[in-house]
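Taking it in order: structure first as structure tokens, then the write-up.
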2 protein chains.
Amino acid sequence: MRNVICARCVKCGREYEAVPNLTNCGCGGILDIIYDYDYIKTKLTKETLANRRNPTMWRYRELLPVEETTPDTELRVGWSPLYEAPRLAKELGIRQLWIKDDGINPTASLKDRASAMAVAKAREAGAEVIACSSTGNAASSLAGNAAAAGLKTYIFVPARAPKGKVAQLMTFGATVISVQGSYEDTFELSRQAIERWGWYNRNAAINPYLSEGKKTVGLEMMEQLGWQVPDYIAISVGDGCTIAGLWKGLKDLYAIGFIDRLPRLIAVQAAGCCPINRAVEENAPWRPMEENTLADSIAVGVPRNPDKAIQAIRESKGLTVEVTDGEIMAAQKLLGTRCGVFGEPAGVTGTAGLKKLCAQGKLPPDATAVSVVTGNGLKDVANAIRACGEPISVPSDLGRLLEAFAERHIPLK
Amino acid sequence: MRNVICARCVKCGREYEAVPNLTNCGCGGILDIIYDYDYIKTKLTKETLANRRNPTMWRYRELLPVEETTPDTELRVGWSPLYEAPRLAKELGIRQLWIKDDGINPTASLKDRASAMAVAKAREAGAEVIACSSTGNAASSLAGNAAAAGLKTYIFVPARAPKGKVAQLMTFGATVISVQGSYEDTFELSRQAIERWGWYNRNAAINPYLSEGKKTVGLEMMEQLGWQVPDYIAISVGDGCTIAGLWKGLKDLYAIGFIDRLPRLIAVQAAGCCPINRAVEENAPWRPMEENTLADSIAVGVPRNPDKAIQAIRESKGLTVEVTDGEIMAAQKLLGTRCGVFGEPAGVTGTAGLKKLCAQGKLPPDATAVSVVTGNGLKDVANAIRACGEPISVPSDLGRLLEAFAERHIPLK
């Protein structure tokens with residue numbers, strides 16, 4: 001990889017050769033991939049990109065830690081739509097707003113970006129099996145991307161994993177191990193099994209390449225905006241890998257001169273589970289929290305990537321905000337009715353936070369912002385049903401329909 | 001519309017001016033939009049298309065029945081991925097196979113193509129409200145596309161409609177009327193209400209523009225294949241609108257000289273509900289059937305567009321094949337494990353039929369085929385769960401995991 005210099009520990013600074021099967025530093029810190037931006041600048045220009053037809057995350061190959069000979073992965077991951085939302089911007093009281101709908105990915109979440117990277121690196125490592133422990137989108141995206149690539153997957157889930165996500169895993173042909181115990185028990189068993197059988201490890205807080213896949217969401221939105229940087233980018237935060245990846249992509253673009261300033265991040269967590277935001281707000285080390293939120297994908301009381309996430313929020317002069325489950329479900333409805341975008345609860349949490357900050361007057365009226373929707377609402381229909389209410393029920397009789405409309409003051413024209 | 005000559009009844013041949021709010025012919029027949037291909041040939045070339053960046057169905061504007069001034073609709077509908085599937089082709093015993101994954105659309109089904117067209121035509125008609133009756137993908141795609149466009153929707157569903165689909169509708173802000181009665185009762189109430197309030201009518205068997213939206217799936221796959229025509233295209237058939245639209249798109253391309261031959265259609269229905277295929281096979285008028293299949297989106301015993309569908313199958317020298325629910329669910333698993341594509345039951349029915357014909361030796365070994373997946377598996381998680389089995393359940397103990405793997409003869413490497 002001519003474009004990569006090394007991998008460096010974010011805690012102790014120790015450097016490692018960027019071999020395909022990197023895991024954490026000996027000190028326990030997570031590694032960061034260090035690029036040779038001078039070299040990249042000689043290979044990648046805005047014009048090169050503009051002429052590139054590839055509508056996937058692999059269009060940014062010069063900024064990704066893969067060998068030139070490593071093929072693109074099979075599924076069409078990335079280049080998700082960025083919708084301008086003028087009516088919603090007006091409602092929130094800011095100048096411009098865009099919604100990046102990352103639920104439009106092959107397995108319906110942003111995690112496809114990390115899993116595609118895992119498949120690419122597993123191939124470089126000569127691995128035929130990839131493993132991870134997860135209850136949600138990381139697991140299903142790995143299973144789908146690996147199936148398309150002809151690789152096997154072993155996926156460890158806690159017994160409480162939602163049936164729908166298990167169905168996705170089984171349909172993609174993963175070997176799914178349901179562990180009778182907590183998530184910690186699940187993770188521990190997966191750790192032992194991965195060590196024993198030498199499977200390729202897809203855990204975003206251990207494998208430093210994965211957030212390099214996630215960063216493509218940031219590269220894309222800037223290209224889609226014609227390299228005009230918004231003032232803010234709002235995104236939900238769980239274990240911290242996604243916001244850290246987003247920030248890395250933005251810094252990459254700044255380093256090669258594609259953008260001339262950096263936006264401020266808006267880190268949104270659930271009020272019932274916000275250890276990363278709390279650490280930023282208190283300017284203190286993070287401490288574990290309970291996981292009291294229905295937004296399961298960000299219900300992470302013991303974040304596995306707090307260091308990179310906290311650093312990203314601080315470096316960007318970011319804002320933090322916590323939202324209740326009620327505010328999350330209101331944001332789901334808001335995005336559905338105003339933009340035709342159906343996000344899962346964790347997926348719309350970024351928008352919920354943005355809305356809350358606007359209502360508190362924390363954003364100037366001439367602000368511009370992007371809100372990232374990280375997963376599709378079809379992933380979690382149960383919560384949507386609880387939130388969205390019941391339809392009007394009538395017999396097949398126009399008179400009764402008229403009465404029902406009148407009772408509910410439904411305007412007809 | 002310079003590119004459109006008129007709308008012509010497929011039954012009696014009567015011609016109508018192509019106004020935006022066309023419905024059926026006075027004789028009850030459905031209308032077909034007639035184009036001026038000589039004019040279109042002066043406006044659209046393969047080179048024009050190749051240089052067009054628009055990754056949506058609107059890239060084919062010259063072949064679509066909209067005014068030049070009508071804006072593209074808001075959501076990114078169309079340009080779904082076409083995946084080559086060499087391993088699956090080998091397994092089925094044909095030379096080449098591609099999977100067109102139309103579940104990667106904003107509301108996760110092919111129906112987004114028809115609903116985007118409905119939104120465009122409603123705008124031309126000056127309408128602010130669109131209505132339809134449907135239990136499934138047509139409804140949710142209309143609700144999503146209309147919400148993004150700032151249009152209201154009134155959607156009539158039978159009381160038995162699956163909760164998940166109702167949740168999508170409510171999240172998109174549709175006014176949903178749940179009718180206590182059969183689908184016929186539901187349709188009848190919607191007909192009366194649409195007449196009474198003058199709402200724009202989105203029913204694919206009544207509004208002739210909608211299959212013009214659906215045809216873009218055919219235009220796209222040909223462009224994605226570099227205008228090399230496959231021998232066969234397999235697709236599931238319910239009310240007949242989708243296969244009719246697909247065929248229309250292919251004939252358009254033939255008429256303007258973009259392709260030099262036409263493929264044969266493979267029309268796949270559920271064994272428990274196959275009135276269109278039965279009519280083709282018996283060379284007799286279609287007769288109603290019961291709706292005995294779990295593939296709800298194609299459980300249509302009284303098809304609303306049989307004429308265009310039967311004509312399409314016959315014109316293409318098409319094949320018909322019926323598959324059991326077991327064969328449908330096996331195809332779901334096959335697409336998941338071999339291609340990383342998760343389709344809903346009706347969505348994978350085309351692949352189930354293709355597989356069955358291959359097993360019966362009905363396709364030559366040098367055949368090439370495209371199989372269209374019409375909707376995402378997340379639309380119907382319940383059936384996937386029933387079909388895909390249970391994960392391995394163990395405590396967090398490596399010894400017990402070893403035993404479990406050994407019992408199931410799971411290979412480890």
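Quick look at the numbers
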{"item": "Top-ranked residue in region B:367-377 [being more than 11 Å from every other protein chain (Cβ to nearest Cβ) and crowded, with 24+ Cβ neighbours inside 10 Å; ranked as nearest to the chain's Cα centre (by Cα)]", "result": "B:Thr374"}
{"item": "Complete set of residues in region B:79-93 that are in contact with a Leu (Cβ under 9 Å, 6 or more places away or on another chain), surrounded by 18 or more Cβ atoms within 10 Å (Cβ to Cβ) and in a loop (DSSP other than H, G, I, E, B)", "result": "B:Ser80, B:Pro81, B:Ala85"}
{"item": "Subset of region B:379-408 that is more than 7 Å from chain A (Cβ to nearest Cβ) and small (Gly, Ala, Ser) - its residue that is surrounded by the most Cβ atoms within 10 Å (Cβ to Cβ)", "result": "B:Ala387"}
{"item": "Output for region A:200-215, where each listed residue is in a loop (DSSP other than H, G, I, E, B) and touching a strand residue (DSSP E or B) at 6+ places or on another chain (Cβ under 8 Å)", "result": "A:Arg202, A:Asn203, A:Asn207, A:Pro208, A:Tyr209"}
{"item": "Of all residues making up region A:378-398, the number that are within 31 Å of the chain's Cα centre (by Cα) and in a helix (DSSP H, G or I)", "result": "11"}
{"item": "Single residue of A:Asn54, A:Asn21 found to be in contact (Cβ under 8 Å) with a residue 12 or more places away in the chain, in contact with an Asp or Glu (Cβ under 8 Å, 6 or more places away or on another chain) and of a type in the set (S, T, N, Q)", "result": "A:Asn54"}
{"item": "Criterion violated by A:Leu110 - all others in (1) under 20 Å from B:Cys339 (Cβ atoms); (2) within 14 Å of the chain's Cα centre (by Cα) satisfied", "result": "(1)"}
{"item": "Top-ranked residue of region A:78-93 - restricted to ones that are in contact (Cβ under 8 Å) with a residue 60 or more places away in the chain and within 10 Å of chain B (Cβ to nearest Cβ), ranked as farthest from A:Gly361 (Cα to Cα)", "result": "A:Trp79"}
{"item": "Candidate set: region B:326-347, residues that are more than 8 Å from chain A (Cβ to nearest Cβ) and surrounded by fewer than 24 Cβ atoms within 10 Å (Cβ to Cβ); chosen: the one farthest from A:Gly150 (Cα to Cα)", "result": "B:Gly326"}
{"item": "Selected residue (criterion: farthest from the chain's Cα centre (by Cα)) from residues of region A:139-164 that are surrounded by fewer than 24 Cβ atoms within 10 Å (Cβ to Cβ) and modelled with pLDDT under 95", "result": "A:Ala159"}
{"item": "Residue ID - nearest to A:Lys379 (Cα to Cα), chosen from residues in region A:178-201 that are among the hydrophobic types (A, V, I, L, M, F, W, C), surrounded by fewer than 24 Cβ atoms within 10 Å (Cβ to Cβ) and facing chain B (nearest Cβ under 7 Å)", "result": "A:Leu189"}
{"item": "Check on B:Pro411, surrounded by fewer than 19 Cβ atoms within 10 Å (Cβ to Cβ) and at the interface with chain A (Cβ under 10 Å from one of its Cβ atoms)", "result": "yes"}
{"item": "Residue check for A:Ala139: touching a helix residue (DSSP H, G or I) at 6+ places or on another chain (Cβ under 9 Å), within 12 Å of chain B (Cβ to nearest Cβ) and within 30 Å of A:Phe258 (Cα to Cα)", "result": "no"}
{"item": "Listing of helices (runs of 4 or more DSSP H) fully contained in region A:94-199 that carry 1 or more residues being within 30 Å of A:Asp231 (Cβ to Cβ) and in contact (Cβ under 8 Å) with a residue 12 or more places away in the chain", "result": "A:111-124, A:137-149"}
{"item": "Residue in region B:232-253 that is out of contact with any Pro (no Cβ under 7 Å at 6 or more places or on another chain), outside any helix (DSSP H, G or I) and of a type in the set (Lys, Arg) present", "result": "no"}
{"item": "Test: residue in region A:354-366 that is small (Gly, Ala, Ser) and either facing chain B (nearest Cβ under 8 Å) or closer than 20 Å to B:Pro158 by Cα (or both)", "result": "no"}
{"item": "In region B:10-42, the residues that are outside any loop (DSSP other than H, G, I, E, B) and either in contact with a Phe, Trp or Tyr (Cβ under 8 Å, 6 or more places away or on another chain) or under 22 Å from B:Met221 (Cβ atoms) (or both)", "result": "B:Leu31, B:Asp32, B:Ile33, B:Tyr35, B:Tyr37, B:Ile40, B:Lys41"}
{"item": "Condition met for A:Ser109 (more than 10 Å from chain B (Cβ to nearest Cβ), within 27 Å of B:Leu110 (Cβ to Cβ) and in contact with a strand residue (DSSP E or B) (Cβ under 8 Å, 6 or more places away or on another chain))", "result": "yes"}
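Condition check ((1) more than 22 Å from the chain's Cα centre (by Cα); (2) of a type in the set (Phe, Trp, Tyr); (3) modelled with pLDDT of 95 or more; (4) crowded, with 18+ Cβ neighbours inside 10 Å) across all residues:
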{"site": "B:Arg2", "(1), (2), (3), (4)": "yes, no, yes, no"}
{"site": "B:Cys9", "(1), (2), (3), (4)": "yes, no, yes, yes"}
{"site": "B:Ile33", "(1), (2), (3), (4)": "no, no, yes, yes"}
{"site": "B:Glu47", "(1), (2), (3), (4)": "yes, no, yes, no"}
{"site": "B:Glu67", "(1), (2), (3), (4)": "yes, no, yes, no"}
{"site": "B:Arg76", "(1), (2), (3), (4)": "no, no, yes, yes"}
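The values are calculated or read from the model by the stated rules, or taken from the named source; none is laboratory data. Remember, it's a predicted structure, so these values are computed and weren't measured experimentally. Cβ atoms come from the backbone with ideal geometry, glycine included; neighbour counts cover every protein chain shown.
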